[in-house]
Amino acid sequence: MHEGLDVVIRARRGLLPEGETGCVIGVTDGRIEAIEPPGTPLGAATELELADDVVLLPGLVDSHVHICEPGNTDWEGFETATRAASAGGITTLVDMPLDSIPPTVDVAALELKQKAAEQKIHVDVGFWGGVIPGNLEQLQPLRRAGVAGFKAFLVDSGSADFPPVDLATMEEALRLVRGLGVPLIVHAESNEVAVGLETVHGRKYADYLRSRPSGLENLAVAQLIEAARRTGGHAHVCHLSSSDALPMIASARREGVHVTAETCPHYLTLCAEDIGDGETICKCSPPIREAANRELLWEGLRARTLDLVVSDHSPCTAAMKTGDGGDFATAWGGISSLQYTLPLVWSGAKSRGFSLADVARWMSEGPARLAGLGSKGCIAIGRDADFCVFAPDEAIVVDPAECHHRNPGTPYDGRTLTGAVRFTILRGERVDGALPRGRLLRYKT
Ligand SMILES: [Zn+2]
């Protein structure tokens, strides 16, 4: 049995779908061929015996990353982003359609991205397509060319070449994605409310927070839910910050509306009360809210109203992030955290009584399902042999000098976290950073 294995991995603790258990895993051609009990005498050219203090997790999937290449490679790029991902236990990224030039709103732009990524990626990379005013006829060709699904904004995205769509266009897009069998990911903040609010300049976080109230999210999530109800399309709420919206999402799901939702490490980790004057490193939209809101987001994960946790890694240059002397109105909105998402989420999860199985559901299985990645998301026979070797009890200190992002600025600088990624395995081989072995993920329809 199990002849001709390429790699055998022996783990005292492996996170399998049925729970954490000792296991021996056999890999052939980059796929999991065998999962046997400890002590099973499997042999292969390469054998890996994991240390007693680590857990073998499925490779993480981050379905919300802004890689910014081509065009804004001084912000981030495929080489640096995928290197950071591999250092963080992530084996698959799905790139957002904006912040690169051009944005991924037609097939020519997608091909430019794929070309830019070739030969540079240390983990697997897929792409979302964009929905902007006037490009609905591009959705089917983009899907045929291999995107995982689509992303739209209801509010100003910060990028002039990726304008928001109105509610009618969003609804039409939901109708179209239903036919294509993919999700529409929506940045759900209401433009109609936002345009009526004054931009407040200054270094006070409370002023910025007041300029992006929960109501922007609550209204837009309600509108998205009703459009999903009318069309039957799959609406995915990205980066939910307002916990007020959780009961709406939960009730819509009970009623059979196809709506899913994600949140991000910064909403689960940081809180408005702790953000000092001029700390624009913490600016993002929707904004980080109060500690009480943060705890309700954790409860949303516990209730499974929130399906996944993804980085929304959204980098820029240090100068853009600082803005005009720490002015929250002019600083770029976006948090960089790709390399640290697992220890960030695990630190918060562990202290609130969650297990590593919960974390793997939020950070591997959930994002893989959203992006339609049937070969990723769990340790099971036939899946890609993608793993994160994680020491859950080891403390780490976030150090910009060890950060592989192009711009290392992060709100977590100097923070002590629980859990260390020892190394990452992509299709059976340890990612060592020397040879980029990542593949471009193209969806076949
Ligand atoms: Zn984003």
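Screening the stretch 70-116 for residues that are open to solvent by 10 Å² or more (accessible area, probe 1.4 Å) and aliphatic (A, V, I, L, M) and picking the one that is nearest to the chain's Cα centre (by Cα) gives 87. Just one of the listed residues (207, 166, 156) is within 16 Å of the ligand (Cβ to nearest atom) and out of contact with any strand residue (DSSP E or B) (no Cβ under 6 Å at 6 or more places or on another chain), namely 156. Go through the residues of the stretch 188-206 one by one and say whether even a single one is under 21 Å from the mean Cα position of the chain (by Cα), crowded, with 21+ Cβ neighbours inside 10 Å and modelled with pLDDT of 95 or more. Yes; the residues of the stretch 188-206 include at least one that is under 21 Å from the mean Cα position of the chain (by Cα), crowded, with 21+ Cβ neighbours inside 10 Å and modelled with pLDDT of 95 or more. On inspection, residue 370 passes the criterion of being open to solvent by 10 Å² or more (accessible area, probe 1.4 Å), closer than 25 Å to residue 128 by Cβ, at pLDDT 95 or above and of a type in the set (A, V, I, L, M).
Out of 61, 123, 65, one residue alone is open to solvent by less than 40 Å² (accessible area, probe 1.4 Å) and under 24 Å from residue 10 (Cβ atoms). It is 123. Select from the stretch 217-256 the residues that are in contact with a strand residue (DSSP E or B) (Cβ under 8 Å, 6 or more places away or on another chain) and in a loop (DSSP other than H, G, I, E, B) and write down the one among them that is farthest from residue 417 (Cα to Cα). In this case the residue turns out to be 233. When the stretch 185-203 is filtered for residues that are small (Gly, Ala, Ser) and either within 16 Å of the ligand (Cβ to nearest atom) or not in a loop (DSSP other than H, G, I, E, B) (or both), the ones remaining, listed by number, are 188, 194.
Okay, residues lined up against (1) within 16 Å of the ligand (Cβ to nearest atom); (2) among the β-branched types (Val, Ile, Thr); (3) open to solvent by less than 10 Å² (accessible area, probe 1.4 Å); (4) in contact with a Lys or Arg (Cβ under 9 Å, 6 or more places away or on another chain):
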residue	(1), (2), (3), (4)
290	no, no, no, no
303	no, no, no, no
320	yes, no, no, no
340	no, no, no, yes
345	no, yes, yes, no
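Can you find even one residue in the stretch 257-265 that is assigned to a helix (DSSP H, G or I) and closer than 21 Å to residue 220 by Cβ? No, the stretch 257-265 contains no residue that is assigned to a helix (DSSP H, G or I) and closer than 21 Å to residue 220 by Cβ.
The values are calculated or read from the model by the stated rules, or taken from the named source; none is laboratory data. Owing to the predicted nature of the structure, the values given are computational and were not obtained by experimental measurement. Don't worry about glycine lacking a Cβ; one is built from the backbone with ideal geometry, like all the others, and counts go over all protein chains shown. We work out accessible area using only protein heavy atoms, side chains counted, and drop any ligands, DNA or RNA first. Shrake-Rupley method; radii C 1.70, N 1.55, O 1.52, S 1.80 Å.
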